[in-house]
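Student: I'd like to ask some things about the structure below.
Derivation of every value follows stated rules applied to the coordinates shown; laboratory data play no part. Keep in mind the model is a prediction, meaning the values are calculated, not measured. For neighbour counting, all protein chains shown are included, and Cβ atoms are generated from backbone atoms with ideal geometry for every residue, glycine included.
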Amino acid sequence: MSSERDAVTQDPDHGDEAARSPEDAGKPAGRPPTRPTGRAALLAALWPPRASRGQLVAAVLLFVLGLGLAIQVRAAGSEDTALRGARPEDLVRILSDLEDRSARLEDEKSTLEDQRAELENSTDQAEEARRQTEERERQLGVLAGTVAAEGPGITLRVDDPRGAVQADMLLDAVQELRAAGAEALQINDVRIVASTSFVDHNGGVRVDDEGIRAPFVIEAIGRPQDLEPALNIPGGVVQSLENKQATVTVDRPETVVVDALRSAEQPDYAQSSS
């Protein structure tokens, strides 16, 4: 009887041991399970990350957008830094070039709009189209150097008694005149076009494989009020040539004639796509 009573007395302890969860196994009996602290709960909620596919796509797009903005801001800052370091005369020259190009683009836009209006309002549209085509061919011939031209402009004469003027100086003069709106150019007896080359050769200068010597005379057709100031800016063409002991003269005749011609070159490979 005493053994059975002892067994019954020990049964509650065994029952409590069996009712405990596996996680609480090994812990002292009768003590409640420990709860995680606030920091541990926060870490458990954040890691490992449980982001959806949409959230990942949004994060990638935001990263790309931020990278693009950073690159743009950096590029703008580098341009501003370059302009800050420019000389005042360079800034004046850049501003003048931008204004001249803007004015030329506005003139070209106005001309094209007038041509469109003429085509739309003309009773004989075929004849008007033919007339405009011929006018366009004449303009392209002037630019290509296959047609003589005359009009307002300037004449630049460079006397070089010391032989110090080189090809790059003449090229700078041509580039300045082009940027200022010169529509037709020739130097001595050579027509200048987009593909013209300037090379030093045997104490002289070769322009498109034709040798020329001082005095160098550049005829330029364009708006004289734009062409002459472009040559006379501080540190510009005239000052650079005078630094080489050359004598520079700029005139504005009533009419400038550019009559040196180039032969029309037929392309070997390029064909019209129209």
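Student: Give me the one-decimal nm value for the distance between modelled label points at GLN166 and ILE94, 7 Å along each residue's Cα-to-Cβ direction.
Tutor: For the pair GLN166/ILE94, the computed spacing is 2.7 nm.
Student: Would you list the P(r) distribution for region 149-258, with all Cα-Cα distances sorted into 5 Å bins from 0 and each bin expressed as a whole %?
Tutor: Spelled out bin by bin, region 149-258 gives 2, 13, 25, 27, 20, 10, 2, 0 percent.
Student: DSSP loop (so not H, G, I, E, B), at most 10 other Cβ within 10 Å: list which chymotrypsin sites (Phe, Trp or Tyr not before Pro) in region 190-274 pass both filters. Write down the numbers at each step before the final one.
Tutor: Details: sites: PHE198, PHE216, TYR269; in loops: TYR269.
Sparse-neighbourhood loop chymotrypsin sites (Phe, Trp or Tyr not before Pro): TYR269.
Student: Kindly give the semi-axes, whole Å and largest first, of the ellipsoid equivalent to region 218-274, taking each as the square root of 5 times a Cα gyration tensor eigenvalue. If you can, show how the numbers build up before the last one.
Tutor: Details: eigenvalues 231, 52, 34 Å².
Equivalent ellipsoid semi-axes, largest first: 34, 16, 13 Å.
Student: I need the calculated FRET efficiency for the pair GLU254 and LEU105, taking r as the beta carbon distance and R₀ as 22 Å, to the nearest 0.05. Write out the running numbers ahead of the final one.
Tutor: Values: r = 28 Å, r/R0 = 1.28.
E between GLU254 and LEU105, to the nearest 0.05, is 0.20.
Student: In what order do GLU113, GLU89 fall by count of nearby beta-carbon atoms within 10 Å, going from fewest to most?
Tutor: On the way: GLU113 10, GLU89 13.
By the 10 Å Cβ count, ascending, the order reads GLU113, GLU89.
Student: Under unit Cβ charges (Lys, Arg +1; Asp, Glu -1), what dipole magnitude, rounded to 20 debye, does region 149-258 have relative to its Cα centre?
Tutor: Numbers: 9 positive and 18 negative charges, 34 e Å.
I would put it at about 160 debye.
Student: Multiply the residue separation of VAL57 and GLU127 by 0.36 nm, subtract the distance between their alpha-carbon atoms, and state the gained length in nm to one decimal.
Tutor: Numbers: separation 70, 0.36 × 70 = 25.20 nm, distance 6.03 nm.
Taking VAL57 through GLU127 to full extension adds about 19.2 nm, to one decimal.
Student: I've got another one for you. At a Förster distance of 22 Å, what's the computed FRET efficiency of LEU261 paired with SER195, Cβ-Cβ distance as r, to 0.05?
Tutor: Numbers: r = 15 Å, r/R0 = 0.68.
The formula returns an efficiency of 0.90 here.
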